[in-house]
Amino acid sequence: MTTPITLNDIQIYPIVEQQGAFFKALEFFPKLGQELLDENRDWLQPEFIDPNGGVVLCIQGFVIKTPHHNILIDSCVGNHKTRPTRPFWNMMNSDRFEKALGGAGLTVNDIDYVMCTHLHGDHVGWNTRLENGRWVPTFPKARYIMADRELAHWTQREKENPASCPWITDSVLPIVAAKREQIVKSDLAFSETVQLLPTPGHTIDHFSVLVGRSGEDALITGDMIHSPIQGKYPDLGMLADYDSAQAGQTRRKVFDRFCEEPTLLCLTHFPMPSTARVRHWGDGYKFVAGT
Ligand SMILES: [Zn+2]
């Protein structure tokens, strides 16, 4: 069994599908530049940037076990999905996701809710699985929580240009067709201990998830940040941002708030163990070890 993060009567389990340097830092962060990268190599390398200049990223979701629900936050890349522009995610056939669920003592039948922080391909893949040539919900009992403007945005884009977002076709729209979606505002108070926090910019209606009670809580960031270099330089955008300027404002606003708090951050794309507390660092922020 995996050791969870425990917050009173709530456990958080990382569900890791992959970790690797899938992208070159200079392409992933288009405005980074060689000079700034070299200036920061001593603290980034080898944990966050590999010797070849690749950004080390974890692909993971988190399961939140509360006394009432098992909630999966983000469902990684998934199996058998055609991803022509992402060879490392194309037609994956891996048992790591399911094994990680097993490490939390769960199967797909035990998930009550899937929360999609946003609708990018590395966050919605296991929403569906292939059954007799059809995409069906992976988690048969789950409601899938998606932000209203996020779903509307991607539904429209898929209609106009399906080739630009195949993950919407195979991992989001089949959930809607199966009537398993629960469309919400991105500031939803889901329960006494699970609160959505709007963190727009990376996508149009991205949310993060605050779990626990004040003084003993954790923030599942989703993709409001990808790598700690965006802590030191909060305005540094990444290649798939919807609005990088807004994403930068979101980082400043959220990190300013949690610099003063004991809140543990679960930083989805940071390499394992992916948890830290955030503190001020010059004009930006640093992440200090935390469990
Ligand atoms: Zn992502």
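If I filter region 247-267 for residues that are at negative phi, within 15 Å of the ligand (Cβ to nearest atom) and in contact (Cβ under 8 Å) with a residue 60 or more places away in the chain, do I get at least one hit?
Yes, region 247-267 contains at least one residue that is at negative phi, within 15 Å of the ligand (Cβ to nearest atom) and in contact (Cβ under 8 Å) with a residue 60 or more places away in the chain.
Does residue 26 satisfy the criteria of being open to solvent by 40 Å² or more (accessible area, probe 1.4 Å), without any contact (Cβ under 8 Å) to a residue 60 or more places away in the chain and in a strand (DSSP E or B)?
no
Condition (residue is within 23 Å of residue 268 (Cβ to Cβ), within 16 Å of the ligand (Cβ to nearest atom), among the β-branched types (Val, Ile, Thr) and touching an Asp or Glu at 6+ places or on another chain (Cβ under 6 Å)) applied to region 120-142: is it met by at least one residue?
Taking every residue of region 120-142 in turn, none turns out to be within 23 Å of residue 268 (Cβ to Cβ), within 16 Å of the ligand (Cβ to nearest atom), among the β-branched types (Val, Ile, Thr) and touching an Asp or Glu at 6+ places or on another chain (Cβ under 6 Å).
Test each condition in (1) of a type outside the set (Phe, Trp, Tyr); (2) within 16 Å of the ligand (Cβ to nearest atom); (3) closer than 24 Å to residue 50 by Cα; (4) part of a loop (DSSP other than H, G, I, E, B) for residue 205 and report the one that comes out false.
Single failed check for residue 205: (3).
Could you give every pair whose Cβ atoms fall below 8 Å, whose first residue belongs to region 35-61 and is farther than 24 Å from residue 94 by Cβ, and whose second residue is at pLDDT below 95, counting only separations of at least 6 or pairs across chains?
Once the first residue is farther than 24 Å from residue 94 by Cβ and sits in region 35-61, its partners that are at pLDDT below 95 give 45/51.
Just need a number here: residues in region 115-170 that are open to solvent by less than 10 Å² (accessible area, probe 1.4 Å) and outside any helix (DSSP H, G or I).
Of the residues in that region, 14 qualify.
Considering every residue within region 91-98, establish whether at least one is of a type in the set (Lys, Arg), without any contact (Cβ under 8 Å) to a residue 60 or more places away in the chain and either open to solvent by 20 Å² or more (accessible area, probe 1.4 Å) or not in a helix (DSSP H, G or I) (or both).
Within region 91-98, not a single residue is of a type in the set (Lys, Arg), without any contact (Cβ under 8 Å) to a residue 60 or more places away in the chain and either open to solvent by 20 Å² or more (accessible area, probe 1.4 Å) or not in a helix (DSSP H, G or I) (or both).
Give me the residue from region 67-89 that is over 18 Å from the mean Cα position of the chain (by Cα) and within 16 Å of the ligand (Cβ to nearest atom) and, out of that set, farthest from residue 146 (Cα to Cα).
The qualifying residue farthest from residue 146 (Cα to Cα) is 85.
So, in region 244-291, of the ones that are of a type in the set (Val, Ile, Thr) and in a strand (DSSP E or B), which residue ends up most open to solvent (accessible area, probe 1.4 Å)?
Selected residue: 288.
Restricting attention to region 223-233, does a residue exist that is open to solvent by less than 60 Å² (accessible area, probe 1.4 Å), polar (S, T, N, Q), within 16 Å of the ligand (Cβ to nearest atom) and over 15 Å from the mean Cα position of the chain (by Cα)?
For region 223-233, residues open to solvent by less than 60 Å² (accessible area, probe 1.4 Å), polar (S, T, N, Q), within 16 Å of the ligand (Cβ to nearest atom) and over 15 Å from the mean Cα position of the chain (by Cα): present.
Please find, within region 234-243, the residue that is least open to solvent (accessible area, probe 1.4 Å) out of those that are free of Cβ contacts under 8 Å to residues at least 60 places away in the same chain and away from the ligand (no atom under 15 Å from the Cβ).
Going through the qualifying residues, I end up with 234.
Away from the ligand (no atom under 16 Å from the Cβ) and either closer than 30 Å to residue 162 by Cβ or crowded, with 18+ Cβ neighbours inside 10 Å (or both), is that true of residue 57?
Answer is no for this residue.
Within region 33-46, is even one residue under 17 Å from the mean Cα position of the chain (by Cα) and open to solvent by less than 20 Å² (accessible area, probe 1.4 Å)?
no
The values are calculated or read from the model by the stated rules, or taken from the named source; none is laboratory data. All of these numbers come straight from a predicted model, not from anything done at the bench. With ideal geometry, Cβ positions are generated from the backbone for all residues, glycine too; neighbour counts draw on all protein chains shown. All accessible areas refer to the heavy atoms of the entire protein, side chains included, with ligands and DNA or RNA removed. Shrake-Rupley method; radii C 1.70, N 1.55, O 1.52, S 1.80 Å.
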